[in-house]
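Notes for the one structure printed next.
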Amino acid sequence: MPTDRIIQIGTGEKIKTLDTVAYILKKLMEMEADRTIFILGIGGGIVCDVAGFVASIYLRGVRFGFVSTTLLSQVDASVGGKNGVNFEGYKNMVGVFNQPDFIICDPVFLKTLPEKELQNGCAEIVKHAAIADPDLFTYLETHYKEILQLERDVIEKVVYESVKIKSEVVNRDEKEKGERRRLNFGHTIGHAIEKVTGSAHGEAISVGMCAAAKISEKRGLLLDEDRARIERILGNLKLPVQISADRERLLDAMTRDKKREGDRIHFVLLNGIGNAVVEEILIKELEAILMD
Ligand SMILES: NC(=O)c1ccc[n+]([C@@H]2O[C@H](COP(=O)([O-])OP(=O)(O)OC[C@H]3O[C@@H](n4cnc5c(N)ncnc54)[C@H](O)[C@@H]3O)[C@@H](O)[C@H]2O)c1
């Protein structure tokens, strides 16, 4: 590809803004790009989210696709049609639902990925297995070493199965009116942990999943041994199962979550491994568990 057709952006959430979108739109205009162009986002979740958004609004929409280069974007961010940017300090406040023509997920890209980034993807893979696929969960339990060593066949399988789970959920509920909420397993508490402690996404979600599993057990939905399996696989994938954080601040961050409705919150629980259910839970119940 001629280098004057490549637009580079920086890294980090700070770059995922409308300013970056404006910068790219300007570059496209300078290139005199018309409706026949194809925008290819090559990078992690940030590049995919921004590229998909630009492609959705430039000239009222042009075709686009992704080459996902992080594990998290391969199993999660590039799948599902959500594109957008952060705004006024809030994540993903501005955006559109729009599906790319294709997504390429090649394990070869993952070889240069820092361990933290790999962990972010692993947490989402465990989430997909926990909410929808007990067989994948068992596979993760028996193949976690190969995953950490990035063995091609194993990585290919877990990425493929993960994408399948996410796309099946999205196909049934693209605009997140119901079933898509199941994908938030571990994320209500996880997002609060991320905000309060500044932990990496994967670490926060990992602890969030353990807490959600604990609540599921307390509600009689999940066996003690299955909760322990969740903690074990996360630990084996080098993810934390607990974190020290100010409980009051966590609760505060959580109850400001957009999923709150009055004195209760929509919360994803596990009715056994491989079967997520969305239930309303009282903020008081959450408080009691967090303070436990
Ligand atoms: N649209 C969605 O449905 C959805 C879902 C989940 C997450 N997201 C978004 O995805 C973003 C996070 O994505 P991410 O975790 O991929 O982060 P990222 O895009 O910031 O990439 C992480 C880091 O890895 C680097 N990198 C990318 N590919 C690499 C490679 N092959 N080798 C070495 N380094 C590489 C990047 O430059 C960056 O520094 C967040 O903004 C989040 O909101 C979107």
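A short reminder: the numbers here are calculations on the coordinates, not readings from a lab. Keep in mind that this is a model prediction, so the values were computed, not measured. Neighbour counts run over all protein chains shown; Cβ positions are idealised from the backbone, glycine included.
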inquiry  = On the Cα set of region 161-234, report Rg and Dmax in Å, please.
reply    = 13.5, 35
Charge-dipole axis of the chain as Lys and Arg at +1 and Asp and Glu at -1 on Cβ define it, positive-most pick from 23, 240, 74 = 23
request  = Among the lysines, select those whose C-alpha is under 22 Å from the C-alpha of residue 82, and discard any that sit fewer than 8 residues away in the same chain.
outcome  = 14, 16, 91, 127, 164, 166, 175, 177, 195, 258, 259
task = First measure r as the distance between the Cβ atoms of residue 8 and residue 223, then evaluate 1/(1 + (r/R0)^6) with R0 = 41 Å and state the FRET efficiency to the nearest 0.05.
result = 0.25
request  = Mind pulling the angle between the C-alpha long axis of helix 45-57 and the longest principal axis of the chain? Nearest 10 degrees, somewhere in 0 to 90.
outcome  = 50
request  = Determine which aspartates and glutamates satisfy two conditions relative to residue 145: a Cα distance under 19 Å, and not lying fewer than 8 residues away in the same chain.
outcome  = 115, 117, 124, 135, 153, 156, 161, 203, 231
task = Per DSSP H run of at least 4 residues, take -39500 (n - 2.57); add these up for the chain, divide by its residues and hand me the 222 nm value, nearest 500 deg cm²/dmol.
result = -15500 deg cm²/dmol
message = Suppose we keep just the alpha-carbon trace of the chain; what are its Rg and Dmax in angstrom?
response = 19.3, 61
task = Sum up the charges of everything whose Cβ sits under 9 Å from the Cβ of residue 179, counting Lys and Arg as +1 and Asp and Glu as -1, but leave residue 179 out.
result = +3
remark   = The helix 134-148 Cα axis meets the longest alpha-carbon principal axis of the chain at an angle in degrees, between 0 and 90 and rounded to 10, of 70
Cα convex hull of region 117-200 - mean projected area over all directions, nm² = 6.0
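Add +1 for every Lys or Arg and -1 for every Asp or Glu among the other residues with Cβ under 13 Å from the Cβ of residue 64, and state the total. Each step should come with its number before you reach the end.
Values: positive: 35, 63; negative: 49, 101.
Taking every Cβ under 13 Å from that of residue 64, the sum is 0.
Rounded to the nearest 0.05, what FRET efficiency do residue 175 and residue 288 have when you use their Cβ-Cβ distance and R0 = 22 Å? Before the final figure, lay out each step's value.
Working: r = 34 Å, r/R0 = 1.52.
FRET efficiency, residue 175 to residue 288: 0.05.
Let me check against my output: what whole-number percent is the relative contact order of the chain, with C-alpha pairs under 8 Å and at least 6 apart? Before the final figure, lay out each step's value.
Values: 476 pairs, mean separation 42.2, N = 292.
With pairs under 8 Å counted, the relative contact order is 14 percent.
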task = Please list, in chain and number order, the residues 5+ apart from residue 16 or on another chain whose amide H is under 5 Å from its amide H, with Hs placed from the backbone.
result = none
query = What full-extension length gain, to one decimal in nm, is calculated for residue 138 and residue 59 as 0.36 nm per residue of separation minus the Cα-Cα distance?
reply = 23.8 nm
